[in-house]
Amino acid sequence: MPSEHGRQKAFSTCLPHLAVVSLFVSTGTFAYLKPPSISSPSLDLVLSFLYSVVPPGVNPLIYSLRNQKLKDAVSNMFFFSIQKCMSS
């Protein structure tokens, strides 16, 4: 990409997808290659949740955060919840 704006747009599109793919691959790899000595039902449940539910659930959020109004609303909601937790 010849321009700085084009590179920034490409990275802002690509990086969230790479994060989801890396989460998917790393949890799947850990689930199948973990030693039996650290195996527990609760760990297996968490890994299966991270492996099968989180990546498909995050994809709509990634696509919707490209909209500036929605991005502002999510950030306002996030900061409001942090302020509420800090004041309690």
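The values are calculated or read from the model by the stated rules, or taken from the named source; none is laboratory data. Values in this document were obtained by computation on a predicted structure and should not be read as measured data. With ideal geometry, Cβ positions are generated from the backbone for all residues, glycine too; neighbour counts draw on all protein chains shown.
Just a few scattered comments:
- Filter result (in contact (Cβ under 8 Å) with a residue 12 or more places away in the chain and touching a helix residue (DSSP H, G or I) at 6+ places or on another chain (Cβ under 7 Å)) within segment 55-88: P55, V58, N59, I62, L65
- Conditions (1) aromatic (F, W, Y); (2) over 18 Å from the mean Cα position of the chain (by Cα); (3) surrounded by 12 or more Cβ atoms within 10 Å (Cβ to Cβ): number failed by Y51: (2)
- A single member of V74, V21 is surrounded by 10 or more Cβ atoms within 10 Å (Cβ to Cβ), at pLDDT below 80, under 15 Å from the mean Cα position of the chain (by Cα) and among the β-branched types (V, I, T), and it is V74.
- All positions within segment 47-56 that are of a type in the set (V, I, T) and over 9 Å from T27 (Cβ atoms): V53
- Single residue of segment 26-54 satisfying the filter (in contact (Cβ under 8 Å) with a residue 12 or more places away in the chain and of a type in the set (F, W, Y)) that is farthest from C14 (Cα to Cα): F30
- Residues that are within 14 Å of the chain's Cα centre (by Cα) and of a type outside the set (F, W, Y) occur at least once in segment 26-34.
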